[in-house]
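**Q** The structure is given below, and queries will be raised subsequently.
The values are calculated or read from the model by the stated rules, or taken from the named source; none is laboratory data. Being a predicted model, the structure only gives us computed values, none of them experimental. So basically every Cβ, Gly included, is an ideal-geometry build from the backbone, and we count neighbours across all protein chains shown. Heavy atoms of the whole protein, side chains included, go into the accessibility calculation; ligands, DNA and RNA do not. Shrake-Rupley method; radii C 1.70, N 1.55, O 1.52, S 1.80 Å.
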Amino acid sequence: MTTYDDALALDAADPLAAFRDRFLMYDDPVAYLDGNSLGRPPKATLARINEVLTQEWAGSLIRSWSDGWTELPTEVGDRLGEVLLGATAGQTVIADSTTVNLFKLLHAACGLRPDRTEIVIDDTNFPTDRYLAESIAAQRGMSVRWISPELTTSVTPDLLASVLSEQTAVVLINQVDYRSGAMIDVNALTAQIHEVGALVIWDLCHSVGVVSLNLDRDEVDFAVGCTYKYVNGGPGAPAFMYVAKRHLAAAEQPITGWWSAQDMFAMASTYLPATSIRRMLSGTANVLGIVAVDEGVKLIAEAGLDAIRVKSIALTEFTIKLVDEWHVPIEVVTPRDAAKRGSHVTIRLPHARRITDDLIARGLVPDFRNPDMIRFGLSPLTTSFAEVWNTYDLARAMTFEQ
Ligand SMILES: *Cc1c(COP(=O)(O)O)cnc(C)c1O
């Protein structure tokens with residue numbers, strides 16, 4: 001049996017352990033295994049926001065827009081693109097929410113394939129993605145072509161092959177399934193989608209900041225993702241949006257605001273979109289949100305994505321090992337092959353809702369997923385092996401109490 005001392009030994013040998021000190025943490029919660037829903041706050045973010053507020057906002061007031069704020073969406077976008085996405089400059093912006101960015105990208109992608117009639121998406125996808133696919137298909141007189149993957153394997157080449165055709169305009173898929181943690185191959189599936197002349201939008205919410213990405217190399221068309229999960233940008237932090245350079249000149253998005261215009265300060269009487277990635281923007285940048293994203297990206301750059309992935313795999317392996325030692329019938333929904341999973345482990349068990357609620361009441365915070373799943377989110381910069389062990393130990397005791 002794995003003991004608490006084993007967990008402590010793993011923490012002692014963890015090269016990223018010191019990063020926990022770079023985050024604001026208190027004694028409660030005792031264990032936080034939901035950093036994949038809302039990451040913890042970096043101390044550097046507190047300092048940066050204080051500086052922006054007291055100096056740039058209070059001090060320079062409106063002059064700060066021309067002293068650098070106006071460029072923040074693309075500057076921080078470039079940095080996030082380079083460190084986290086494998087994207088060269090000029091293709092990534094930080095703005096709005098994942099939902100709003102997906103709305104823009106779905107319209108832009110469909111607009112690039114005007115003669116095609118179908119949007120392909122899986123019915124296990126996150127609600128926002130499914131709802132948008134349906135509403136945009138309706139707005140454009142198109143239809144949604146659903147695929148129904150197994151939770152544990154997510155979207156497979158065979159499933160895609162069964163729906164892709166000359167009618168497919170765009171495919172919207174998640175690299176890491178938000179429930180099972182199943183991770184799929186960006187490179188291979190992108191190539192398969194391109195074979196029929198369709199475009200792909202990758203939703204990277206559960207992979208950005210924890211899995212190495214190569215969007216340029218993989219010839220991805222569009223991508224989108226949250227920054228408040230593994231990037232630790234904070235509640236409501238603005239999302240990122242990636243548009244491959246080759247699509248920029250023709251990509252038309254529907255929220256044409258002054259920030260997407262060629263010369264935003266010209267206040268021109270007619271709208272001409274910027275030729276750069278700024279054409280994907282809409283309104284005034286969320287300065288406090290973007291600088292928080294910047295600090296999250298800097299911490300990941302300092303730790304290194306490769307080291308983060310190594311710890312992520314060690315944390316998921318450790319979690320699965322503990323679940324296997326639980327000695328009650330519990331299904332591990334997450335793939336056991338490390339190459340096929342992201343950074344959370346999901347189990348299916350009776351009374352999952354009540355056990356999650358009881359754990360949270362005792363200061364150990366995992367995540368419940370309908371109808372019978374508990375998700376352990378393992379965020380390598382902040383999660384310790386001791387946190388995982390403590391959560392498992394109490395959850396196990398609770399299952400025997402019933
Ligand atoms: C978290 C998440 C979102 C959230 O979108 P918001 O607009 O930030 O609320 C969207 N898609 C996926 C796959 C997610 O995991």
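**Q** May I ask which residue of Ala87, Asn50, Trp65 lies farthest towards the positive end of the charge dipole of region 42-131, with charges of +1 (Lys, Arg) and -1 (Asp, Glu) on Cβ and the Cα centre as origin?
**A** Among Ala87, Asn50, Trp65, the one farthest towards the positive end of the dipole of region 42-131 is Asn50.
**Q** Connecting C-alpha atoms closer than 10 Å in a GNM of the chain, tell me which of Ala361, Ala44, Ala87 has the biggest fluctuation.
**A** Ala361
**Q** Output wanted: per-residue J couplings in Hz (rounded whole) for region 23-28, from phi through Karplus 6.51 cos²θ - 1.76 cosθ + 1.60, θ = phi - 60°, x for Gly and Pro.
**A** 10, 6, 9, 10, 5, 10
**Q** How much length would be gained if the chain were fully extended between Ser269 and Asn187, taking 0.36 nm per residue of separation minus their Cα-Cα distance, in nm to one decimal? Mind showing how you got there, number by number?
**A** Values: separation 82, 0.36 × 82 = 29.52 nm, distance 4.31 nm.
Contour length minus the Cα-Cα distance gives 25.2 nm.
**Q** As I understand it, the dipole of the chain uses +1 on the Cβ of Lys and Arg and -1 on the Cβ of Asp and Glu, about the Cα centre. Which of Thr399, Leu112, Ile313 lies farthest toward its positive end?
**A** Looking along the dipole axis, the top candidate is Leu112.
**Q** Name the chymotrypsin sites (Phe, Trp or Tyr not before Pro) in region 249-325 that are in a loop by DSSP and that have at most 15 other C-beta atoms within 10 Å, would you? Walk me through the numbers on the way to the answer.
**A** Working: sites: Trp258, Trp259, Phe265, Tyr271, Phe318; in loops: Tyr271.
Listed in order of number, the matching sites are Tyr271.
**Q** Along each principal axis of its Cα atoms, how long is the chain end to end? Whole angstroms, biggest number first, please.
**A** 69, 58, 33
**Q** Leaving out ligands and nucleic acids, note down the accessible area per residue over region 111-267 with a 1.4 angstrom probe, in whole Å².
**A** On the way: 5870 Å² over 157 residues.
Result: 37 Å² per residue.
**Q** While we're looking at this one, here's another question. Would you mind checking region 243-264 for residues with the amide N under 18 Å from a putative spin-label position 7 Å along Cα→C-beta of Glu82?
**A** In region 243-264, the label zone of Glu82 (backbone N under 18 Å from the point 7 Å along Cα→Cβ) covers 243, 245.
**Q** Given charges of +1 on the Cβ of Lys and Arg and -1 on the Cβ of Asp and Glu, with all other atoms neutral, how large is the dipole of the chain about its Cα centre, in debye to the nearest 20?
**A** Working: 34 positive and 51 negative charges, 123 e Å.
Computed about the Cα centre, the dipole is about 600 debye.
**Q** What residues have an amide H closer than 5 Å to that of Ser154, excluding those fewer than 5 places away on the same chain, when H is modeled at 1.01 Å from N in the peptide plane?
**A** Long-range HN contacts for Ser154: none found.
**Q** Angle, helix 127-139 long axis vs. longest principal axis of the chain, Cα atoms, 0 to 90°, nearest 10?
**A** Approximately 30 degrees, to the nearest 10.
**Q** Counting other Cβ atoms within 10 Å, which GluC sites (Glu not before Pro) in region 114-176 have at most 15 and lie in a DSSP loop?
**A** Numbers: sites: Glu118, Glu134, Glu150, Glu166; in loops: Glu150, Glu166.
Qualifying residues, ordered by number: Glu150, Glu166.
**Q** I would also like to ask the following. Loop-only check: which chymotrypsin sites (Phe, Trp or Tyr not before Pro) in region 24-72 are DSSP coil with at most 14 other Cβ within 10 angstrom? Spell out each step's value before the answer.
**A** Values: sites: Tyr26, Tyr32, Trp57, Trp65, Trp69; in loops: Tyr26.
Of the chymotrypsin sites (Phe, Trp or Tyr not before Pro), the ones in loops of region 24-72 whose Cβ has at most 14 other Cβ atoms within 10 Å are Tyr26.
**Q** Toward the positive end of the charge dipole of the chain, about the Cα centre and with charges on Cβ (Lys, Arg +1; Asp, Glu -1), which of Pro254, Gly181, Leu164 goes farthest?
**A** Pro254
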